[in-house]
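J.: Please see the structure below; I have some questions.
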Amino acid sequence: MKFLQQDNSIVRLLNRMIDLIFLNVIWVVCSLPIVTLGATTTALYDVTLRMAFREDTGLYRAFFRAFRKNLKKGTLLFLLTAGVGAVLVLDFLAASSWDIGFRFVFQVVILSVGYFYLAAVSHAFPALAYFGGGVWESIRHGFLLAMKNSIFTIFIMLLDVLPILIFLFSPTYAPQALFVLLIIGFSLVAYLNSLHLARLFDPGRIQAIEEGEEDAKPEEDAEDN
């Protein structure tokens with residue numbers, strides 16, 4: 001019976017990978033206009049959070065439903081965060097070009113602001129997907145959750161910027177990284193983030209799910225015997 005349990009685990013893993021591949025393709029196609037990136041990312045997190053909460057039915061319908069629902073708010077959130085991010089990058093590049101002895105002070109300040117910016121953005125889109133609300137509310141909610149998230153915020157931020165880091169510091173592996181990103185990379189990152197964000201957003205719900213599984217184990221073991 002253990003073999004059957006292992007076989008079921010493999011089947012569930014394969015099904016999850018297939019779902020993530022399809023979701024990734026849908027996300028990439030719907031993000032091609034670029035301006036829709038906010039809505040598609042919000043929709044992607046809507047689905048991956050459902051996966052984290054073990055809601056595995058109607059995932060593709062849920063994506064397009066969330067996309068339509070958050071088209072305006074997701075787009076505004078993307079334009080706002082992209083604009084602020086562009087200003088921070090330009091400020092850092094400008095500070096780096098200054099021929100003054102204490103330019104590193106300005107660089108450190110900009111990088112510090114950039115850290116809080118990335119922390120807020122990495123949680124804002126998932127917060128919009130799960131809690132709803134307006135753009136400013138999602139940013140505020142995301143920032144507060146990021147500060148509460150402590151060390152896991154850094155993990156989520158690293159996952160989010162990993163593709164950029166690969167292209168910048170390991171250009172040799174850029175083609176392979178791009179292939180993985182287009183096949184499953186974006187949805188996989190969102191899913192890995194969602195596994196932890198689900199505990200942050202609704203710990204009671206996750207605990208109930210886990211306790212429900214534990215209660216079911218003795219019955220499964222009894223059937224196996």
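J.: Among the numbered criteria (1) in contact with a helix residue (DSSP H, G or I) (Cβ under 6 Å, 6 or more places away or on another chain); (2) modelled with pLDDT of 90 or more, which one does F116 miss?
T.: Going through (1) in contact with a helix residue (DSSP H, G or I) (Cβ under 6 Å, 6 or more places away or on another chain); (2) modelled with pLDDT of 90 or more one by one, F116 breaks only (1).
J.: Filter region 60-113 down to the residues that are β-branched (V, I, T) and open to solvent by 40 Å² or more (accessible area, probe 1.4 Å), then identify the one that is farthest from A43 (Cα to Cα).
T.: Kept after step one, since they are β-branched (V, I, T), are these residues of region 60-113: 75, 81, 84, 87, 89, 100, 105, 108-110, 113.
With the extra rule that they be open to solvent by 40 Å² or more (accessible area, probe 1.4 Å), the set shrinks to 84, 87, 89, 100, 105, 108-109, 113.
Working: V84: 22, V87: 26, V89: 27, I100: 46, V105: 39, V108: 34, V109: 33, V113: 27 Å.
So the residue we want is I100.
J.: Among the aliphatic types (A, V, I, L, M) and at pLDDT 95 or above, is that true of L178? Spell out the reasoning first.
T.: Working: among the aliphatic types (A, V, I, L, M): yes; at pLDDT 95 or above: no.
Criteria not met by L178.
J.: Please determine, by comparing only the residues of region 33-53 that are in a loop (DSSP other than H, G, I, E, B) and aliphatic (A, V, I, L, M), which one is nearest to L188 (Cα to Cα). Even if it seems obvious, please write down each step before you answer.
T.: Taking region 33-53 first, the residues in a loop (DSSP other than H, G, I, E, B) are 33-36, 53.
Among the residues that remain, those that are also aliphatic (A, V, I, L, M) are: 34-35.
Numbers: I34: 20, V35: 22 Å.
Step by step, filter region 33-53, then rank; the result is I34.
J.: Same structure, new question: Any residue in region 133-154 that is at positive phi sitting within a Cβ distance under 7 Å of a residue that is open to solvent by less than 30 Å² (accessible area, probe 1.4 Å)? List the pairs, counting only those 6 or more apart or interchain.
T.: Sorted first by the residue in region 133-154, then by its partner, the list stays empty.
J.: Further, regarding this structure: Return the residue satisfying two criteria in turn: it lies in region 26-46 and is in contact (Cβ under 8 Å) with a residue 60 or more places away in the chain and not charged (D, E, K, R), and of such residues it is surrounded by the fewest Cβ atoms within 10 Å (Cβ to Cβ).
T.: Restricting to residues being in contact (Cβ under 8 Å) with a residue 60 or more places away in the chain and not charged (D, E, K, R), the top hit is V28.
The values are calculated or read from the model by the stated rules, or taken from the named source; none is laboratory data. Given the structure is predicted, the values throughout are model-derived calculations rather than measurements. Glycine gets a Cβ as well: all are built from the backbone with ideal geometry, and neighbour counts include every protein chain shown. With ligands, DNA and RNA removed, areas are computed over all heavy atoms of the protein, side chains included. Shrake-Rupley method; radii C 1.70, N 1.55, O 1.52, S 1.80 Å.
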